[in-house]
Amino acid sequence: MGADCTAGEGKLRTPTVAKRRTAPLGGARPAGVSSGAAVMIPEPPMTFPRALAGRLGPLVLLLALAGCAEPREELPVNTRLGGDFTLTDHNGGAFRLADQRGRVVLMFFGYTHCPDICPATLARVSQVYRNLRDAGDADRVQPLFITFDPARDTPEHLREYVPWFKANVIGLTGGEAEIRAVAEQYGVVFLKSGEGEPEYDFTHSDYVYLLDQQGRVRKLYPSDFNIDEVTDDVQSLL
Amino acid sequence: MMYKAFFNGVAGAALLALAGAASADGDLVLEKAWLRAVPPVSPTMAGYFTLRNDGDRAVELKGAKTDIAGMAMLHDTETTDDGQARMVHLSGITLEPGDQATFAPGGKHLMLMKVAEIPEAGEQVEICLTFSDHDDLCADFPVLRDAP
């Protein structure tokens, strides 16, 4: 269980992810419980009798293992990144993020000419969506794919590309300046390489963003995120 | 083609077996070959495999060719600690005796460009790896939606 709930944690490379606190139980920490696993232990009173500490060992272990399931720690709000924006969806209509209030949003940036990471990330996000759909949560979750290649990723092109993943993904494009502004809001860096050549590509950040029902950034994931972890995180915000 | 006919006869094993099928040319062993299925409108596809040099001399993998793509290149996706992914072209990979090269999502991949008609999941595509000093090594790559 402990291994399940922390799977993928080691890959997180973002300061917005909550640091796991160690259990403040001093000498009472039982052998076999790593400091990172005992998250849910409340601070004991200062007068905590040391004589009891040893007896609590097994209880601490149980709590630590149960801590993965519930109650879970609330995801912190990232106040440095995010914000509303308006782009063009793959049907050619205006898309405003604020209109998604009441839905949890999974959002990431990429481009359809990228053969490796972008379709893999789309496939993984789609799997998260299908898990949530199976759990009956489909209408409260919205995956978004924002291109930074508007020259090639037109609404028409995205309309042929995105629905293939069968996960209700909305593809978003727009003017170069508009897209760059959104990228800056979310701390996304992208750089065109091979400019002027027919086959150019991008160096880019590949984070996936979890936005809560108020549109606030709650967590970032690397593109090879753990599907169960993201599914659980989304459900914690519903 | 023999192994394909054989696996087709083994009910239920098809996908896994094909994904795990090895193609060997004496000293070189190609395994875990697959292409990621992408929407038909995609201009590119990525292929993955492992290649092991069981021979007693070094070989240099230079590229690949396939009828479905106008161009095939060896690429690497480099990801830095701050989450920047970048594609770089590899001009060649030298495999010393005993070495293995792993092409897997998020890392080295075979990039097929100018793909005239994107094959669907479940299809097989013959791809030949090319070397500077060795015969081509050809294998059927199954097209899969997810990593096997």
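The values are calculated or read from the model by the stated rules, or taken from the named source; none is laboratory data. Not measured: the values here are computed from a predicted model. A quick note on method: Cβ atoms are made from the backbone with ideal geometry, for glycine too, and the neighbour counts reach across all protein chains shown. Ligands, DNA and RNA are stripped out before the accessible areas are found, and what is left, the full protein with its side chains, is counted by its heavy atoms. Shrake-Rupley method; radii C 1.70, N 1.55, O 1.52, S 1.80 Å.
Report the residue count in the stretch B:82-98 for those that are part of a strand (DSSP E or B), closer than 24 Å to B:V115 by Cβ and open to solvent by less than 60 Å² (accessible area, probe 1.4 Å). Lay out the reasoning, then the answer.
So in the stretch B:82-98, the residues part of a strand (DSSP E or B) come out as B:84-90, B:93-95.
Going one step further and asking which of them are closer than 24 Å to B:V115 by Cβ, we end up with B:85-90, B:93.
Still in the running and open to solvent by less than 60 Å² (accessible area, probe 1.4 Å): B:85, B:87-88, B:90, B:93.
Of the residues in that region, 5 qualify.
Determine which single condition A:I146 fails, assuming it passes every other condition in (1) buried (at least 17 other Cβ atoms within 10 Å of the Cβ); (2) over 26 Å from A:E178 (Cβ atoms); (3) more than 13 Å from chain B (Cβ to nearest Cβ).
Every listed condition holds for A:I146 apart from (2).
Is it the case that some residue within the stretch A:203-226 is more than 15 Å from A:R140 (Cβ to Cβ), facing chain B (nearest Cβ under 8 Å), free of Cβ contacts under 8 Å to residues at least 60 places away in the same chain and open to solvent by 10 Å² or more (accessible area, probe 1.4 Å)?
Yes, there is a match, as at least one residue in the stretch A:203-226 is more than 15 Å from A:R140 (Cβ to Cβ), facing chain B (nearest Cβ under 8 Å), free of Cβ contacts under 8 Å to residues at least 60 places away in the same chain and open to solvent by 10 Å² or more (accessible area, probe 1.4 Å).
Among the residues of the stretch B:63-81, count how many are outside any strand (DSSP E or B) and more than 7 Å from every other protein chain (Cβ to nearest Cβ). Write out each step before concluding.
Going through the stretch B:63-81, the residues outside any strand (DSSP E or B) turn out to be B:66-68, B:80-81.
After this cut, where a residue has to be more than 7 Å from every other protein chain (Cβ to nearest Cβ) as well, the list is B:66-68, B:80.
The qualifying residues number 4.
Give me the pairs: first residue in the stretch A:92-121 and more than 29 Å from B:T79 (Cβ to Cβ), second residue of a type in the set (D, E, K, R) and surrounded by fewer than 23 Cβ atoms within 10 Å (Cβ to Cβ), beta-carbon distance under 7 Å, and six or more apart or on different chains, which are they?
A:R96/A:D84; A:A98/A:D84; A:R103/A:R140
Out of everything in the stretch B:116-148 that is aliphatic (A, V, I, L, M) and open to solvent by 40 Å² or more (accessible area, probe 1.4 Å), what residue ends up being nearest to B:F49 (Cα to Cα)?
Only one residue tops the list, namely B:A147.
Note down all Cβ pairs under 6 Å where the first residue falls in the stretch B:66-82 and is over 16 Å from B:G106 (Cβ atoms), the second is aromatic (F, W, Y), and they're at least six residues apart or on different chains.
Between residues of the stretch B:66-82 that are over 16 Å from B:G106 (Cβ atoms) and residues that are aromatic (F, W, Y), there is no close pair.
Considering (1) loosely packed, with under 15 Cβ neighbours inside 10 Å; (2) in a strand (DSSP E or B), say which one B:D56 fails and leave the rest.
(2)
If we scan the stretch B:99-115, do we find a residue that is loosely packed, with under 12 Cβ neighbours inside 10 Å, outside any strand (DSSP E or B) and more than 13 Å from the chain's Cα centre (by Cα)?
No: the stretch B:99-115 contains no residue that is loosely packed, with under 12 Cβ neighbours inside 10 Å, outside any strand (DSSP E or B) and more than 13 Å from the chain's Cα centre (by Cα).
Among the residues of the stretch A:157-191, which ones are within 13 Å of chain B (Cβ to nearest Cβ), among the aliphatic types (A, V, I, L, M) and farther than 20 Å from A:V104 by Cβ?
Correct list: A:L158, A:A183, A:V189, A:L191.
So, A:T112, is that one open to solvent by less than 20 Å² (accessible area, probe 1.4 Å), more than 18 Å from the chain's Cα centre (by Cα) and among the β-branched types (V, I, T) or not?
Details: open to solvent by less than 20 Å² (accessible area, probe 1.4 Å): yes; more than 18 Å from the chain's Cα centre (by Cα): yes; among the β-branched types (V, I, T): yes.
Criteria met by A:T112.
Report, ordered by the first and then the second residue, all pairs with beta carbons closer than 7 Å, sequence separation of six or more or different chains, a first member in the stretch A:155-170 that is without any contact (Cβ under 8 Å) to a residue 40 or more places away in the chain, and a second member that is in a loop (DSSP other than H, G, I, E, B) and open to solvent by less than 30 Å² (accessible area, probe 1.4 Å).
From the stretch A:155-170, the pairs are A:E160/B:P39; A:W164/B:P39.
Anything in the stretch A:153-177 that is open to solvent by 70 Å² or more (accessible area, probe 1.4 Å) and either among the charged types (D, E, K, R) or not assigned by TED's automatic domain parsing to the domain that holds A:A120 (or both)? List them, or say none.
Correct list: A:E156, A:R159, A:E160, A:K166, A:E176.
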